[in-house]
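Just so it is clear, none of the values below were taken in a lab; they were calculated from the coordinates. Bear in mind the structure is a predicted one, so any value in this text is a computation, not a measurement. Note that we place each Cβ from the backbone using ideal geometry, even for glycine, and neighbour counts take in every protein chain shown.
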C-alpha cells in the first residue's frame, strides 16, 4: 500500500486484520452459503469498537478521523465486505444524528448504541431508491407526537436495528422539501420486519423490508426541522460514500492478494502462471487501479475531515472505486481460470460482493449525475 | 495485589525459514510478536487483577523495538510497562536474563505474584521463570493453566502428563503459565490508541540498582549455543489397536511384511 500511515492507523489496521482473519474468516464459506447473519460475531466486533468508530469520544464513541476509518473498513472488507458493511454501517445513520441532532439526541442514540447495537438508515422504498425524493412513507403530526406510516425496503441490518433513522414525508406534494427524519427505537409499537432479501453478495449482512404501521414517536425524535430530511440524508450519504469506496478497495485488494498467491502456485505448463507476462500485466493493472482508487478516496476523506465541501469528490470516489472493484474482481476470476468460477476459491465471492457497490447508496449513474451537476452548476 | 508479568518479543516462528545450507534460522523480514505463552500469562494476570484488585506491570528485556510488545500488553490490560534495554545485555542466556529481570523487579517494588509464560517459542528453555523465583527467593508453580487466590494462598491448576493437579502456595510466588483454557482478549480500538500514548519506562543496565556487569551479557552467561539445526522429520508413528491382541499382532505382521521388513 503506497500510503503513509501513522502508528495508530497501522495498529488499527493490524487489529482489524487479526480480528477478521481469526474470528470471521473461518466461518465465511458456510455463512455465505446459508446467507446467515452472524450476530455473535458482530457482538465480538462491538467489543472492539468497530460499530462506533466515527462517534465522538464525548458520547462514548471512538472518535476516529475519516482517513483512519477508511483504512480500517478497507481491511475489514478485504476479508468479508458483507461483514464489514453490517459492522460499520452505524456511521451512516449516526452521521444524521451527529450533524443535525440536538445534544440530547446525540447522547440518547450513543448511549443506546455504544455498548453494542445497530442503527439503520431507513430511506429506500420500492419506488424511492435512486430518486430518494419520491419517499411515500408518511408522517403526520398528532399533538406532541408524529405518526409514521409506510413501507421501507432494502434496509441494511433492518431485522437487528436497535434504532432506525426513518425518512418520511409530511407532505407528498412538496417533494424533497416534505421529507422529515426521525429517530425510531426498535420497540416502538407498529414496526414490522418484512421479507429478508436473498442477495447475490454481501450475504453475511442483513437486508430486509420494513413496515411502519402507525408508529408513534415523540416530536423530540425529529431530527432537525420538518422538511430537512432530504438534506440530512444526502449529507450523511456523502460520508457513507467515502467508506463505501474504501470497502470496494478492500474487496479489490483482497482479490489481488489472492491472485498473487495463486499465480505463484498454479503451474499448468510446468511453470507458475505468475511467470507469464499476460498474467503479470493483469496483476499490474489491478494494482494500478487499486492504488489510484485508494489515493482518490483518501483525498476525499481529507477534504471531509477538513470541513471542505466534498459531495462531488465523494461521488467520484465511490464511482471510481466500485467500478474498479468490479473490474478487478472479474479479472481475478479470470486469473484463477476454472477454479475462479468455483466456490472452492474466494474470488467468485469477491466478484459477487463487488457488484452491489456500483448500485447501493446511489447507483453509479446517479453518482455521475451528482458529479456532472456539480461541474455544470 | 501487585502483579508483575515478564514478557518477551520473539520472531514469529510460523514465518521463520531455515537456510537449507547452513541450517541457521533466517530472521530477516520475519515479524516480531509477543511470545504466545507470555500473552497467556498476561491474560491470566489481568484476570487475576480483575478478581482481586491491584495493578499489573509488564517488564521485558530486549532491544528497543520490544517496546511494541509492551504497548500491546498495555492495550489488553496491563497498567504500566518497563523495558530494560542495553547493548550490554546482548547474548544473555537465561541465567543472565533472569538475574537482570529479578533485580529490576526488586527495584520496581514488592510484587506479590510474578507471571511468566512457561517458555518462549524461540528459546524453548522454560528456565527464566523458575530462575527469577530462585533469585528472589519466591515460591514457584510452573505449567499453570489457571490460578485463583483464596485470600491467603494461591491455588494453581497445573498441567501434568496425565490430568491436572492443584497446587497451593503462599505469596510471594512466581507462576509460569502454559496454554490457558481461555484465549487472550483482543484490545479495543480505544485501548490500542491509549496504549500508543502511554509512557513506557526504559531502563539501561546502569540504571538497575546493584547490577553487576559481569553477570549479564555473554560474560554473565553460563551456557553457549553451539549449533542451531532443524532435526530431520521422521514419519509419524502408528498405533495398532484392534479388538484383540491376536488381531493386533496379525495386523502388525501384515504391515511388516508389506514393508518388506520381515
To the nearest 0.05, how large is the calculated FRET efficiency for residue A:21 and residue A:198 if R₀ is 30 Å and r is the Cβ-Cβ distance? 0.60
Given the options A:35, A:338, A:240, which has the most mean-square fluctuation in a GNM of chain A, springs set between C-alpha atoms less than 10 angstrom apart? A:338
How much length, in nm to one decimal, is gained on full extension between residue B:246 and residue B:232, taken as 0.36 nm per residue of separation minus their Cα-Cα distance? 1.6 nm
Of all DSSP beta bridges with both partners in the protein assembly as shown, the antiparallel percent, nearest 5, is 60
Looking at chain B as a GNM with Cα springs under 10 Å, which of B:82, B:167, B:225 has the largest mean-square fluctuation? B:225
Please find the FRET efficiency linking residue B:261 to residue A:257, where r is the Cβ-Cβ separation and R0 is fixed at 60 Å, and quote it to the nearest 0.05. 0.80
Grab the DSSP H runs of chain B that are 4 residues or longer, score each as -39,500 (n - 2.57), total them, divide by all residues and round the 222 nm result to the nearest 500 deg cm²/dmol. -8500 deg cm²/dmol
Tell me the volume per residue, in Å³, of the convex hull enclosing the alpha carbons of the range B:2-215. 135
Compute the Rg to Rh ratio over the range A:119-229 from the alpha carbon atoms, using the Kirkwood formula for Rh, and round to two decimal places. 0.96
Whole-angstrom Cα spans of the range A:65-117 along principal axes, big to small: 37, 21, 14
Gap separating the Cα centres of the range A:189-267 and the range B:201-262, nearest whole Å: 52
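For the range A:7-113, what Kirkwood radius comes out of the mean inverse Cα-Cα distance, in Å? Before the final figure, lay out the partial values.
Values: mean 1/r = 0.0695 Å⁻¹.
When all Cα pairs of the range A:7-113 are included, the Kirkwood radius is 14.4 Å.
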Note the full-extension length gain between residue A:29 and residue A:344 as 0.36 nm times their separation in residues minus their Cα-Cα distance, in nm to one decimal. 112.5 nm
What is the list of residues in the range A:329-343 whose amide nitrogen lies under 16 Å from a point 7 angstrom out from the Cα of residue A:278, following Cα to Cβ? A:331-340
Reduced to Cα centres, the span from the range B:68-129 to the range A:301-377 in Å works out to 49
Counting only DSSP beta bridges with both partners in chain B, the antiparallel fraction in percent, to the nearest 5, comes to 40
Along Cα→Cβ, 7 Å out, is where each label goes; now give me the distance between the ones at residue B:55 and residue A:36 in nm to one decimal. 4.6
Using R₀ = 41 Å, calculate the FRET efficiency as 1/(1 + (r/R₀)^6) where r is the Cβ-Cβ separation of residue A:214 and residue A:44; round to 0.05. 0.65
Express as a percent, rounded to the nearest 5, the fraction of DSSP beta bridges in the range A:13-171 (both residues included) that run antiparallel. 55
Helix A:103-113 axis, angle to chain A major axis (alpha carbon atoms, nearest 10°): 50
Hull shadow area, averaged, the protein assembly as shown [alpha-carbon convex hull, nm²]: 38.6
Yeah, the range A:1-49 with a ≥ b ≥ c from its alpha-carbon gyration tensor (a/c under 1.5 is rounded, else prolate when a/b outruns b/c, oblate otherwise) is prolate
As a check on your grasp of the helix formula, calculate [θ] at 222 nm for chain A: sum -39500 (n - 2.57) over DSSP H runs of n ≥ 4, divide by the residue count, round to the nearest 500. -16500 deg cm²/dmol
Looking at chain A from every direction and averaging, what is the projected area of its Cα convex hull in nm²? 18.6
Top of B:151, B:62, B:143 by mean-square fluctuation, Gaussian network on chain B, Cα under 10 Å: B:151
Students often get this wrong: which residues of the range B:11-52 have the backbone nitrogen under 18 Å from the point 7 angstrom along Cα-to-C-beta of residue B:65? B:11-18, B:25-36
tail above 28 Å in the computed P(r) of the range A:231-376, as % of all Cα-Cα pairs, reads 26
Could you list the residues of the range A:290-312 with an amide nitrogen less than 19 Å from a label point located 7 Å from the Cα of residue A:2 in the Cα-to-C-beta direction? A:290-302
